[in-house]
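Below is one structure; the comments refer to it alone.
Derivation of every value follows stated rules applied to the coordinates shown; laboratory data play no part. The shown structure was predicted, so the numbers you read here are calculated from the model rather than taken from an experiment. Quick reminder, even Gly has a Cβ in these numbers, built from the backbone with ideal geometry, and neighbours come from all protein chains shown.
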Amino acid sequence: MKKINNLELASLIFIQMVTMDLGININIIKNSTGVNGWIVIILSFIIGIIPLSLYMYISNFSTTHPLNEKINILFKKAGKIINFLISIIALVIGIFLLYNSNNFITSQLLYRTSQIMIGIILLTLAIYHNSKGINSITKVSFLLLIINFTLFLLSFFSLSSNINISNLLPVLKENTDNIFLSALKLSSINIFPIIITLSIPKSLVSSENTYNKDIIKTYILAFIVSFLVIFTTYSVLGIELVKIFEYPEYMVLKKVTLWGFLQRIENIVANQWIIGNYIYLTLIIYYLSTNFKSKNNTQKNIFNIIIGILIITITNVIFKNNTIYYNYVQTIFPYITMVLIIFYVIISIKIYIDQKIKH
Amino acid sequence: MNKKIILILFFIFLLTGCYDNKELNEIAILTATEIEKVDDQYVVKSQVVNPQAPDKTTITQSPFIIYTGTGKTIQEAYRNTTTESPKFLYSNHMQILIINEKIAKENISEVIDFYIRNPAIRTDFYVLIGKNENILDIITPIESLSSSSIKETLENNKKYLGSSATVTFDEFVNMYLNKNLEIALPSIEIINHDEEGEKLENTEESQVKSKYKLGNIAIFKDNKLQGYLTKDESITYNILKNNIQNTILTYECEDKKYITIEIIKSSASTKITNKEITIDINMSGNINESHCNIDIKEKDNIKKIEKLFENKLEESIQKDINNIRNNYNSDIFNFLDTIYKYDYNTYQNIKNNWYEETYKKIKVNINTNISIITKGNILEVIDEKN
Amino acid sequence: MVNSMQNIINKLKKETNNQDGIIYRRKKILYKNIYIIFNETIISSDSVSDFVIRSLNKIKIPTYQNIINKISNFKYKEITNYKDICYYLNSGFTIILISKNKYIALETRKNLSRSITTPTTENTPRGALDAFTENIEINIGLIKRRIKSNNLWIKKYCLGKYTDTQVAVLYINTIAKEELINKIDKLLKKINIDGIIASGILRNLIEKENKNPFPNTISAEKPYTAARYLLLGNAIILVDNDPFALVLPATLNDNFISEEDDYNKSINVSITRIIRYITFAITLLTPGIYIALITYNQEIIPTELLISIAAQRKNVPFSTFAECLLMIFAFEILRESDLKLPSFASSAISIVGALILGEAAVNAGIVSPIMIIIVAITAISSLIFSEPEFTNALRIYRIAFMIGAAILGLYGVLIVFILFLINLSSYDFLGMPYLSPFAPPDFNRLKDSIIKFPTKSITKRNPILTDNITKNKTEDYYE
């Protein structure tokens, strides 16, 4: 196996933490917390420190094995149930991601193209990518992340002249009851799922010494980016517009103007979100396929195709229209991913106890 | 082999696309829309570009064409233009939306709903209130499209005078949705509207007969049009809203003699202290014209002019604010919003009867600070030869 | 005894169908007959008569040892079997049959190669002007002139059933990884083909040919390029009768580096490199993005420009995609004919291209003027790369981008772009990832990629190619 560069792994984690910025983060918090959204995102990343430290703790255990094998080693037969549950959650995340990107593309870019087709194209690409192996996934994610980041910086600096801080006032006066719960929700959809990245064992990474440091740096960077997205969206549009738009983060990009003459380039700048969705989806398929133990590549590809068909069918069966989707995003989705914290805790405690017994 | 199958499948799926493909030959570029209401039916006039090859020197066709559609909703009216137009209306390049004042007086929310709901329409066009009808029909010189012409006039006015305002659609929606804000929109009217104005001949004379003219700011209360400000009130409004880049102030220095100052920088901040509104205005400018015999080489004289302008400006702003409060009782200066943001407790107390009690009575303090930085090319006074 | 030598001659005559060119000369020294065999077409008659015959004339006692001692050719081989006789005979040696199983081959090759000339594909305003020729010995010599170390090791192979082509693998053994050389060794030994008459055939045999349309070797025409890559730890393959050396493995970034860069200051080089990368993006993406903007995302084009384009396209009956494909096809025809035609006809081509494809097509309403601009900028940009394979590969992806754009607009361009990245990043040749300094990121080598750092600060080689990392220890010295 070829080694994976630390930066490439970091890019995967970064994309996991940032992708939900489009369409999901703000939709969860905008109605319940009003203008306090920027405080919620800060809080959510403070809460996220817990799963992050557990993540690093788990990654140290039996560094040559991916997540599912670690669980099997730790829990023997019960491990299968845990793996199954985590896979289900990963599948759910995949379903929401796919619908989110489909819905975004069909509602903002290609109005008359059918959602199923867009989904199939994205999934086929992800499955094809998976057939090339994890090294290819990490490399592409790193390269795309650079493009992402450039687009993000361009749009942020272009929008910084439109920022109106008074749109974020008054601070903590209205809608304060739900702040903590909303922060937990954001944390659970943005940060908890990074457990999926543990399917890349630590020993595969090229320099294990800086593993933890790099992940912490990534975490801080992801926090800054997520914060700036919400901060810019709220302060440029104002809370009233944020509330009525389906994708306020995209609407704010409509104001991006580069060097005075490049106007109306939101469809180019918004590619940062589609790229993020794509990489995340690829990673989820990779994670699910690690559960399928087969050395044969053809079988693995067929398994991936089955996963893809599963995701696209469920997506189209469950989400018949936007309203159902947004309902689920606000009510069900965060709670499903919140379950992941239980696994973080269980696995960490088990590792701790096992090590105590050994000594 | 397996990978190749996936790749082939991928391209097959790609080939089923093309639903959204629209060639330039198939679309009509919509640059402006005017909405009127006749007998409960919306009348939507769409200005569509008539593209002409650049090398054809003799223009025989009008640079744009107006399609009219009527319907119970705006979307219906738009779609009804397909009875006239050979091409599909492409509205992402819309620059101007003119809403007739009749609609503004009745119910403006239906207009907002259509434009904000439709993802195919961008939200960065300018919104104006049309005082008459058929404003887009006029063919204008210099800019062949009247929509670009209006857009540039608006932007120029903002840059150099500030008697009008540039309000993009999303700002307009924000003013509409936010319960603490009131809507203020620029207005436009037509002078000498006749049949000639809709022909190319209109641009053949140096004194263009039919032309549009930007009106002053239209103000709303509870999302209904209340009336129009005067020119001075409009400038005051823009000064307080920090919309001004550049304007001029003219005040009397002696009897019937005037000094004009060009303001090149202006910033206003509204604060709430002790339940009183305080507005600080900082300006800097140049003396552009002076009829009085003032020796500007002396420091004291400059100070005197500054003082004079500060007092006069303060006076006139105070007067304008009171006028607006008394005549329209509309909070276009966002006082309530300021209170909401900076003094939440007071806001809780007064929000329920803001217009009934507080707004008209609340004390407004104005502090102005004008600094004259350059004095023009000359130091001496151009005196009359006695 | 005589019989066995006679046997050899008979066999040879039979196998070559008694070819005229092969001369069999019997010479009697004392009591003994010895045979001299050479192939007239490839030997230099001077050296045969001057050295071989004259030396033999001086010999009194015809023993094997004596002949070897007296012969005045500088290069000889002692051979024992029939197979070797054939090989050396066909390589321009003169064979002397002395007694049974005691033969010698003397080098008397005619100089059939042209002299060292200036390069034709890698033009640089400055730099050494010698180029490889068709003679492998001269080519090795040209490299050896530049790298005078004992550590420049050469492994020779004979490949091709009929051609018996000499193939030499050159590397610096203290720099290049043994792993790489072993891999190349394995790949070369697996080759079993009737003939290798071009280095390209060899390259296609040792790689997975169509996995990556971009070239993963560099065809170096200049010894300079070969020496440059040898010092970085790459291996060079020279094929006899081919004036191009293969540098392997190569990465995408290597196509952006030119000899000229070594003569310029790094700040100027950086700007040139940025321009090259932008050109790369332009030639790859322009038609695709144009189609996407014109048929899907018209809002990005400024209103005035859109109106002007609409006016230009008013009378064009084709879809933008078809129009673009047509013009790109026309350009490819032009390029192909320009390559094949002798230089005196190329001015005719350019007149036809400019007038008919440019002016007339617009006037006839087949294409719009803006499309001519788009195709022209794409075409000009594609020509800055000296490696023709690179330009060809760009063509494939350019059309893929156009298809993506025609079907899904900017989203399609993004999808094809991701596909492009997947294909490039998942490819590695001899252990070298194709996008190497970028993915996986290697900061030491990024110093010589899109931006070039000062030469003093580029101190490391690629760890994938070598264990001997440090290459430059020059210290700053200021008075």
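Helix C:320-340 and the longest principal axis of the C-alpha atoms of chain C enclose an angle of approximately 30°. Can you compute the FRET efficiency between A:Ile42 and C:Glu134 using 1/(1 + (r/R0)^6), with r the Cβ-Cβ distance and R0 = 56 Å? Round to the nearest 0.05. So, using R0 = 56 Å, E works out to roughly 0.20. Legend: calculated FRET efficiency, B:Thr70 to A:Asn164, from the Cβ-Cβ distance at R0 = 41 Å, rounded to 0.05, equals 0.55. With Rh defined as the Kirkwood radius, the inverse of the mean 1/r over Cα pairs, the Rg/Rh of chain B is 1.07. In chain A, the sites counted are chymotrypsin sites (Phe, Trp or Tyr not before Pro) in DSSP loop states with at most 12 other Cβ atoms within 10 Å, and the longest stretch holding none of them, exclusive of the sites, is A:1-258.
Annotation for the range A:232-332: trypsin sites (Lys or Arg not before Pro) lying in DSSP loop with at most 11 further Cβ atoms inside 10 Å of their Cβ are A:Lys293, A:Lys295, A:Lys320. The shape of the range B:277-355 comes out prolate: with a ≥ b ≥ c from the C-alpha gyration tensor, a/c is at least 1.5 and a/b beats b/c.
Taking 8 Å as the Cα distance limit and 6 or more residues as the minimum spacing, I'd like the relative contact order of chain C as a percentage.
13 percent.
Taking a quarter of the surface of the Cα convex hull of chain C gives a mean projected area of 31.3 nm². With r as the distance between the Cβ atoms of B:Lys303 and B:Gln348 and R0 = 51 Å, compute the FRET efficiency 1/(1 + (r/R0)^6) and round to 0.05. So, using R0 = 51 Å, E works out to roughly 0.70. The longest part of chain C holding none of the exposed loop chymotrypsin sites (Phe, Trp or Tyr not before Pro), meaning those outside H, G, I, E and B in DSSP with at most 10 other Cβ atoms within 10 Å, is C:163-476. Computed over the range C:16-173, the convex hull of the alpha-carbon atoms projects to a mean area of 12.3 nm². Taking only alpha carbon atoms, the range A:6-358 gives an Rg to Rh ratio of 0.96, where Rh is the Kirkwood radius.
When only Cα pairs under 8 Å and 6 or more residues apart are kept, what is the percent relative contact order across the range A:135-245? All intermediate terms of the calculation are to be shown ahead of the outcome.
Numbers: 28 pairs, mean separation 59.6, N = 111.
Relative contact order for the range A:135-245 comes out at 54 percent.
Restricting to DSSP loop positions (anything but H, G, I, E, B) with no more than 10 other Cβ atoms inside 10 Å of their own Cβ, which trypsin sites (Lys or Arg not before Pro) remain in the range C:133-174? Here the sparse-neighbourhood loop sites are C:Lys148, C:Lys161. Gain on full extension, evaluated as 0.36 nm per residue between B:Gln207 and B:Arg117 minus their Cα-Cα distance, stands at 28.1 nm. Over the range B:230-386, one equal point on each Cα, no solvent: what is log10 I(q)/I(0) by the Debye formula at q = 0.12 Å⁻¹? Here log10 of I(q) over I(0) equals -0.58. Taking a ≥ b ≥ c as the square roots of the eigenvalues of the Cα gyration tensor, the range B:72-223 is classed as oblate, since a/c reaches at least 1.5 and a/b does not exceed b/c. Of the cross-linked pairs C:Lys148/C:Lys222; A:Lys255/B:Lys221; A:Lys173/B:Lys241, those separated by over 19 Å at the C-alpha level are A:Lys255/B:Lys221; A:Lys173/B:Lys241. Computed on the Cα atoms alone, the convex hull of the range C:103-148 gives a volume of 96 cubic angstrom per residue. Taking 7 Å steps out from each Cα toward its Cβ at A:Gln299 and A:Ile342 produces label points 3.2 nm apart.
Computed extension length for C:Asn66-C:Asn173: 34.6 nm, one decimal, from 0.36 nm per residue of separation with the Cα-Cα distance subtracted. Along the range A:288-305 the Karplus relation, 6.51 cos²θ - 1.76 cosθ + 1.60 evaluated at θ = phi - 60°, assigns HN-Hα couplings of 4, 6, 5, 6, 8, 8, 7, 7, 6, 5, 4, 4, 5, 4, 5, 4, 4, 5 Hz to successive residues, with x for each Gly and Pro.
Stretching C:Thr474 away from C:Arg114 to a fully extended chain increases their span by 125.6 nm, per 0.36 nm per residue minus the current alpha-carbon distance.
Return the whole-Å distance between the Cα centroid of the range B:58-131 and the Cα centroid of the range A:1-80. For the range B:58-131 versus the range A:1-80, the Cα centre distance is 47 Å.
Of the listed pairs B:Lys257/B:Lys304; B:Lys87/B:Lys158; C:Lys58/C:Lys100; A:Lys243/B:Lys158; B:Lys179/B:Lys361, which have alpha-carbon separations greater than 27 Å here? From B:Lys257/B:Lys304; B:Lys87/B:Lys158; C:Lys58/C:Lys100; A:Lys243/B:Lys158; B:Lys179/B:Lys361, over 27 Å: B:Lys87/B:Lys158; A:Lys243/B:Lys158. 3J(HN,Hα) couplings calculated from phi for the range A:39-45 with the Karplus curve 6.51 cos²θ - 1.76 cosθ + 1.60 (θ = phi - 60°) are, in sequence order, 6, 4, 5, 4, 4, 5, 6 Hz; Gly and Pro show x. Could you estimate the translational diffusion coefficient of the range B:145-196 from the Stokes-Einstein equation, with Rh from the Kirkwood formula over C-alpha pairs, at 37 °C and 0.692 mPa s, in whole µm²/s? Diffusion coefficient, whole number: 255 µm²/s. The GluC sites (Glu not before Pro) of the range B:159-221 meeting both criteria, a DSSP state outside H, G, I, E and B (loop) and at most 13 other C-beta atoms within 10 angstrom of the site's C-beta, are B:Glu204, B:Glu205. Note on the range A:177-226 and the range B:205-219: Cα centroid distance 59 Å, given to the nearest whole angstrom.
Separation of the range A:250-309 and the range B:226-251, taken as the distance between their Cα centroids, equals 50 angstrom. Mean separation of Cα pairs under 8 Å and 6 or more residues apart, divided by the residue count, gives chain A a relative contact order of 39 percent.
Listed by chain and number, the lysines whose alpha-carbon sits under 16 Å from that of B:Lys363, ignoring those within fewer than 8 places in the same chain, are B:Lys271, B:Lys275, B:Lys319. With no solvent and one point on each alpha carbon, what is the Debye value of log10 I(q)/I(0) for the range C:2-107 at q = 0.15, 0.17, 0.19, 0.20 Å⁻¹? Values returned for q = 0.15, 0.17, 0.19, 0.20 Å⁻¹ are -0.55, -0.72, -0.92, -1.03. Rg and Dmax, both from the Cα atoms of the protein assembly as shown and both in Å, are 39.8, 144. By definition, a body whose alpha carbon gyration tensor gives a ≥ b ≥ c is oblate when a/c is 1.5 or more and a/b is not larger than b/c, and the range C:354-440 fits this oblate description.
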